[in-house]
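The structure under discussion appears below in the form of structure tokens.
The values are calculated or read from the model by the stated rules, or taken from the named source; none is laboratory data. If you're wondering where the values come from, they're calculated on a predicted model, not measured in any experiment. Every residue, glycine as well, gets a Cβ built from its backbone with ideal geometry; the counts of neighbours run over all protein chains shown.
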Amino acid sequence: MDQGRPGGEGVNSAFNWLFDPDHWSGPTGFPARILEHLGYTGLSVLIAALIAVPVGAVIGHTGRGTFLVAGLSNGLRALPELGLLTLLVLLTYVGLLPVVVSLVVLALPPVLAGTYAGVRNVDRSVVDAARGMGMRGPSVLWRVELPNALPLIVGGIRSATLQVIATATIAAYVSLGGLGRFVIDGNNAGPGSPDGYPQMAAGAVAVAALALTVEGVLALAQRLVVSPGLRATNLVGKNT
Amino acid sequence: MIEFQAVTKRYPDGTVAVDSLDLTVEDGRITVFVGPSGCGKTTSLRMINRMIDPTSGTILLNGKDIRESDPPLLRRGIGYVIQHAGLFPHRTVLDNVATVPLLSGVDKRTARSRAAELMELVGLPSTMAKRYPAQLSGGQQQRVGVARALAADPPVLLMDEPFSAVDPIVRDDLQQQLLRLQSELDKTIVFVTHDIDEAIKLGDRVAVFRVGGRLAQYDSPSALLAKPADDFVSSFVGRDRGYRALGFLTATGIPVGEVATVRAGDAPERAREALVDGWAVVVDEQNRPLGWVSADLLSTMDKSVDTEALVSGGSLFEVDSSAGGTAGSLRNALDAALSSPAAVGIAVDGTGAVVGGVTADTVLSALADARSSGEVPG
Amino acid sequence: MNIDWPWPWLERNLDDIAEATGQHLYLALLPVLVGLVISVPLGWAASRWRLARGILVPLAGVLYTIPSLALITLVPLALGTKIIDPLNVQVPLAIYTIALLVRSVSDALRAVPGDVIAAATAIGYRPVRQFLSVELPLAVPVIIAGLRVAVVSAMSLTAVGALVGIGGLGQLITEGFLRNNGVELVVAIVLIVVIALLIDALLLLAGRVITPWTRAGRGVKA
């Protein structure tokens, strides 16, 4: 086989690698890697949401700090995650913390933008009506604006999750686990090795499958909280 | 001349939009297609420039079957104006108007100077040439739409509810302008509207369509009002049709009686002597009417007739006179009488000066005369 | 981490940095351009036929969801390219651009008001000319907005290629990481961000220049 050129045979060997029972058990098998991957993702998105939802809600409610939302999402889209991740690791140490921090940084803008837009876009007459009934600012936000903003907030969390899943793949480069492990290890094994390109391709297929599955689940979840009349289209950038 | 010969449009789902239409549109006239929504009037219009092709039947334009023409070339020779104007938002007003000449291969300079002429013709100041449609009001956009349709000097103009999206005052203005343009240009105009008043005002001939795409009546406006073909037409033409029909009878020669006038600033005691049946018209230096004053009102004025406190007058009725005015219709005369607080309509000449008064009785007897002389089909 | 005064390193490596930057631009921008050219006819088809839209829009969503490292890795399998072929990065970037723009183009074309289209047809435009001189120009603002997102994303995504040995500024990132050279790392990040934002600004400006009518609406209403 031509070493640098995986052809039709490559497809077979990749699938053989993917479905080899040896690769589906133990701490380096697919189940463990998938759990790691989901673990990084869940933790990062949770932290990002805990920060970005309140901040976005306050910005949307008061209308102060709007520039932050636009500026952040624009600037961060240009930031190469690989660079951010490696830089943070160099600045601190090899471990979970720098990885989670960079994933949180990545997840903040979509959640912030979604929450901000959601609160901001609530029909002004609804807000006026709430005030007219005698609600104070916090109660308007809590009882009227946030419930109405829910679809866009969930939409923001959804795109943040997908970006984090994609970027978590890179975490393997700085010696962490997750599904990126297979791609990086395969690349390091060299193209001629049986654990080389077949492993890379198997990992890639697994990552793609995971991303699509999570996207499907989140789309379903969003549909549950979004009335068909409110379905949002958002232009978030492609990140990793 | 545009001839519809047994034209039918049936959609795949079975809906019949136009049902064997036979109709001839005369050259140099305004022909109005009017009817409720779903009556096929717009479909019929759009078949003329092949925006829609008929299922069966033939449409002849100057004796030639339009199916033999290449649609884009056919359309470049037919002006088309639609509701909301359909202007190109990304082109300036001038370039919008120049579109058709440019398409037909005229060079840019010629096309633009032609466009500038047309802007003037439809009453748009040249300062608007460089603006974009979004910077114009609805009425101005509609004028641009008309100018664009006229740019290639097409003999035929199709207008699809062009004035229905603007407010009533602007609409009236645009209608007047269309009539003025038509008196200069003599185009063959097919005009679609759902508004029977607009149809009667603009049309030389009016085609009333009923739901299902059938032609109910095709006649002159006055005949339509006087002799509706059936219940549908008479209900569509409306309850006030007898009154509106008066609009087609000129009031030339109607006897104009005396009307009491006092001049603004006259002493109340002098004015009181002039009252007839307790009312008088207050006029200015040029004898133009300012309003009505009554005996009751005069008793509240101590020094002179106060123009601020007058009862506003009704509509004015313009009689034909040497001053170059246009004669009003019997409808104008009757409306002037009915809307006046003193039950006397003020007749004015071309300069706006009061020449007399007219009562409802006068108008009605003039109508009776017209009937007996056969001018109005009774 | 090794944080030296950056100038000596910069001076020594200026040529390499310039070369990596040039390569990065080639890797990132060519696919966006190709993607744009392909997405216009696809977007047109999606705006016109319900079936095309029903296929293209969900497909674009699926492709956009696949992480870049996965797509980059799988291209050799699909196209038979060598593992370090620049196409492995460029094809995914073109796919992302198309996935992003097909929907934008289709939505923008569908948003052209019906009476404008009717007027253009009635005036006597032929279909191709009508598309090029009426519908497409009106879609330009939305296309530019999509293009800006695509370009900026492509600039940062290209760096991922370094993980499988494909050059560009990403190479400086991996190299800096392995050599524990913070300066190299920061230089690469800053260059990517600055160039991306610069191109973004240029596109924004170009968009404003070629669509003067979009700013006309808020003017006077006489």
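If you take the residues in segment C:167-185 that are within 27 Å of C:Ile83 (Cα to Cα) and β-branched (Val, Ile, Thr), which one is farthest from the other protein chains (Cβ to nearest Cβ)?
C:Thr174
Consider only pairs whose beta carbons are under 6 Å apart and that are at least six residues apart or on different chains; among these, list those whose first residue lies in segment C:16-39 and is surrounded by 16 or more Cβ atoms within 10 Å (Cβ to Cβ) and whose second residue is at pLDDT 95 or above and of a type in the set (Ser, Thr, Tyr).
none
All but one of (1) within 20 Å of C:Gly22 (Cβ to Cβ); (2) more than 15 Å from the chain's Cα centre (by Cα) hold for C:Ala206, so report the exception by its number.
If we test C:Ala206 against (1) within 20 Å of C:Gly22 (Cβ to Cβ); (2) more than 15 Å from the chain's Cα centre (by Cα), just (1) comes out false.
Read through the list (1) assigned to a helix (DSSP H, G or I); (2) farther than 23 Å from A:Ile165 by Cα, then give the number of the only condition that A:Val111 fails.
With respect to (1) assigned to a helix (DSSP H, G or I); (2) farther than 23 Å from A:Ile165 by Cα, A:Val111 is out only on (2).
Output the number of the condition that C:Leu203 fails; it satisfies all remaining conditions of (1) free of Cβ contacts under 8 Å to residues at least 40 places away in the same chain; (2) assigned to a helix (DSSP H, G or I); (3) surrounded by fewer than 24 Cβ atoms within 10 Å (Cβ to Cβ).
Single failed check for C:Leu203: (1).
Determine whether segment B:137-151 contains at least one residue that is outside any helix (DSSP H, G or I) and within 22 Å of B:Met51 (Cα to Cα).
yes
Among the residues of segment B:66-78, are any away from every other protein chain (no Cβ under 13 Å), touching a strand residue (DSSP E or B) at 6+ places or on another chain (Cβ under 9 Å), at negative phi and buried (at least 19 other Cβ atoms within 10 Å of the Cβ)?
Among the residues of segment B:66-78, at least one is away from every other protein chain (no Cβ under 13 Å), touching a strand residue (DSSP E or B) at 6+ places or on another chain (Cβ under 9 Å), at negative phi and buried (at least 19 other Cβ atoms within 10 Å of the Cβ), which makes the answer yes.
So, B:Arg109, is that one more than 8 Å from chain C (Cβ to nearest Cβ), without any contact (Cβ under 8 Å) to a residue 24 or more places away in the chain, farther than 27 Å from C:Trp213 by Cα and part of a helix (DSSP H, G or I) or not?
Judged against the criteria, B:Arg109 is not a match.
Can you list residue pairs whose Cβ atoms sit under 9 Å apart, with the first residue in segment B:347-358 being touching a residue at least 60 places away in the same chain (Cβ under 8 Å) and the second being of a type in the set (D, E, K, R) and part of a loop (DSSP other than H, G, I, E, B)? Count only pairs 6 or more apart in sequence or on different chains.
Going by the 9 Å Cβ cut-off, the qualifying pairs are B:Val348/B:Arg288; B:Thr351/B:Arg288; B:Gly352/B:Arg288; B:Ala353/B:Arg288; B:Val354/B:Arg288; B:Val355/B:Asp349; B:Gly356/B:Glu258; B:Gly357/B:Glu258.
Mind telling me which of the residues B:Thr300, B:Thr252 ends up being at pLDDT below 80 and either closer than 30 Å to B:Gly350 by Cα or surrounded by fewer than 18 Cβ atoms within 10 Å (Cβ to Cβ) (or both)?
Result: B:Thr252 is the single residue among B:Thr300, B:Thr252 that is at pLDDT below 80 and either closer than 30 Å to B:Gly350 by Cα or surrounded by fewer than 18 Cβ atoms within 10 Å (Cβ to Cβ) (or both).
Have a look at A:Gly75, A:Gly26, A:Gly95 and point out the one that is of a type in the set (Gly, Ala, Ser), more than 10 Å from chain C (Cβ to nearest Cβ) and under 20 Å from the mean Cα position of the chain (by Cα).
Answer to the check: A:Gly95.
Can you name every residue in segment A:128-150 that is part of a loop (DSSP other than H, G, I, E, B) and not small (Gly, Ala, Ser)?
Result: A:Met133, A:Met135, A:Arg136.
Taking the conditions exactly as written (within 12 Å of the chain's Cα centre (by Cα), more than 30 Å from B:Asn49 (Cα to Cα) and in contact (Cβ under 8 Å) with a residue 40 or more places away in the chain), does C:Leu93 satisfy them or not?
Yes.
Give just the number: which of (1) within 11 Å of chain C (Cβ to nearest Cβ); (2) farther than 30 Å from A:Leu84 by Cβ does A:Ile184 not satisfy?
Single failed check for A:Ile184: (2).
Would you call B:Ile48 out of contact with any Gly (no Cβ under 8 Å at 6 or more places or on another chain), β-branched (Val, Ile, Thr) and within 13 Å of another protein chain (Cβ to nearest Cβ)?
Values: out of contact with any Gly (no Cβ under 8 Å at 6 or more places or on another chain): yes; β-branched (Val, Ile, Thr): yes; within 13 Å of another protein chain (Cβ to nearest Cβ): yes.
Answer is yes for this residue.
Going through segment B:8-26 one residue at a time, which ones are under 29 Å from the mean Cα position of the chain (by Cα) and surrounded by 13 or more Cβ atoms within 10 Å (Cβ to Cβ)?
Applying the first criterion (under 29 Å from the mean Cα position of the chain (by Cα)) to segment B:8-26 yields B:17-19, B:21-26.
Correct list: B:Ala17, B:Val18, B:Asp19, B:Leu21, B:Leu23, B:Thr24, B:Val25.
Among the listed residues A:Val119, A:Val53, A:Val126, which satisfies the condition of being crowded, with 18+ Cβ neighbours inside 10 Å, more than 18 Å from the chain's Cα centre (by Cα) and away from chain C (no Cβ under 13 Å)?
A:Val119 is the lone residue from the list that is crowded, with 18+ Cβ neighbours inside 10 Å, more than 18 Å from the chain's Cα centre (by Cα) and away from chain C (no Cβ under 13 Å).
Given the structure, is B:Asp197 free of Cβ contacts under 8 Å to residues at least 60 places away in the same chain and not aliphatic (A, V, I, L, M)?
When the stated conditions are applied, B:Asp197 passes them.
If A:Pro147 satisfies all but one of (1) away from chain C (no Cβ under 11 Å); (2) farther than 22 Å from A:Asp20 by Cα; (3) touching a helix residue (DSSP H, G or I) at 6+ places or on another chain (Cβ under 9 Å), what's the number of the condition it fails?
A:Pro147 satisfies all of (1) away from chain C (no Cβ under 11 Å); (2) farther than 22 Å from A:Asp20 by Cα; (3) touching a helix residue (DSSP H, G or I) at 6+ places or on another chain (Cβ under 9 Å) except (3).
Would you mind listing the helices (runs of 4 or more DSSP H) fully within segment C:101-189 where at least 2 residues are surrounded by 20 or more Cβ atoms within 10 Å (Cβ to Cβ)?
C:114-123, C:136-157, C:169-178
Take segment A:151-178 and flag every residue that is closer than 30 Å to C:Arg179 by Cβ and part of a helix (DSSP H, G or I).
Answer for segment A:151-178, where residues must be closer than 30 Å to C:Arg179 by Cβ and part of a helix (DSSP H, G or I): A:Gln163, A:Val164, A:Ile165, A:Ala166, A:Thr167, A:Ala168, A:Thr169, A:Ile170, A:Ala171, A:Ala172, A:Tyr173, A:Val174.
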